[in-house]
Amino acid sequence: MSQYFIESGRFKLNLDKPCIMGILNITPDSFSDGGKYFSVDTAVSHGIKLIKNGADIIDIGGESSRPFAESVLPEQEMERVIPVIEKLSSQSDIIISIDTTKAEVAKEAINAGASIINDISALEKDPSMAKIAAEMNVPVILMHMKGTPQTMQIDPDYDNLMHEITNYLKQRALYAIKTGIKKDNIILDPGIGFGKTVKHNLLLIKHLKKIISIGFPVLIGPSKKSFIQKTLSAGTSREIKFDSQENKNGTLAAVAVCVMNGAHIIRVHDVKCIKPLIQIITAIQNS
């Protein structure tokens, strides 16, 4: 694996082995855990649990990006995430990323203790986001999404999937650098489930090395995405339930292939199950 690292303020995280980003959604409508951690205390408690289970980064979001989700106002988003970031950063020594497309939310989150901006619009939705990331000198995650959460799953189509996504991420990385963001502060995410069919998601994971070849660390988030459930249900007479053990095992399999194909950061809900999986794969690869 290439020698990359994440550095922000007092934090420095080497990516010589895959790191785990634990998901903490403070929303009423996220596809997996919407409403579960909607209060400050339950959110912080779950964040501490993710850390104890082995998370290297906690990704905190206050707006759902599931298909057809409604957007929320910046004030509402900040009301959800800022108290949690403040409390979690005061109770632990963990790298926190803010999952937002709004520059004012990102700025307040960083001031509250976050160290990474995770922008699913790759700096496109808010023209001020690149300026904030550059001025505050924090890593930024640039993700590919075809359309918006409101439109992305309406018959997504590509002439050449890997070429289009690779080229898009290259262009967004170049844009970030031109706006003053340091090259070492750029992380790419191919956007599993964001404007992709089941086949598209499978191909993205299969050919992940093409994304890695762009020359930046790569984050990927296959955790509990619907392509797993749909793949497992295909050709059967029953629908695999979302919270079934089969679906959880499907996430493990997807993560395993992502790690073996070189992913640097894995964004997941169930850190406890993923931690030993990564440890074993890394041990085998380094033997």
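The values are calculated or read from the model by the stated rules, or taken from the named source; none is laboratory data. Quick caveat, the model's predicted, so the values are computed rather than measured. Backbone-built Cβ (ideal geometry, glycine too); neighbour counts: all protein chains shown.
Select from region 235-251 the residues that are among the polar types (S, T, N, Q) and either part of a helix (DSSP H, G or I) or touching a residue at least 12 places away in the same chain (Cβ under 8 Å) (or both) and write down the one among them that is farthest from Ile220 (Cα to Cα).
Gln245
For region 66-94: of the residues being touching a Pro at 6+ places or on another chain (Cβ under 9 Å) and not polar (S, T, N, Q), which is modelled with the highest pLDDT?
Filtering first and then ranking leaves Glu70.
Which condition does Ala173 not pass, out of (1) more than 23 Å from Phe11 (Cα to Cα); (2) small (Gly, Ala, Ser); (3) modelled with pLDDT of 95 or more, if it passes all the others?
(1)
This table checks each residue for (1) free of Cβ contacts under 8 Å to residues at least 12 places away in the same chain; (2) out of contact with any helix residue (DSSP H, G or I) (no Cβ under 7 Å at 6 or more places or on another chain); (3) assigned to a loop (DSSP other than H, G, I, E, B).
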site	(1), (2), (3)
Gly147	no, yes, yes
Asn167	yes, yes, no
Gly193	no, no, yes
Ile211	no, no, no
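Within region 1-41, restricting attention to residues that are within 17 Å of the chain's Cα centre (by Cα) and among the polar types (S, T, N, Q), which residue is modelled with the lowest pLDDT?
Ser30
If a residue has to be of a type outside the set (Lys, Arg), farther than 16 Å from Asn137 by Cβ and not in a strand (DSSP E or B) to count, how many in region 88-119 make the cut?
Residues meeting the conditions: 13.
Report every pair of residues separated by at least 6 positions or lying on different chains whose Cβ atoms are under 7 Å apart, first residue within region 252-269 and more than 13 Å from Pro217 (Cα to Cα), second hydroxyl-bearing (Ser, Thr, Tyr) and part of a loop (DSSP other than H, G, I, E, B).
Arg267/Ser223; Val268/Ser223; His269/Ser32; His269/Ser223
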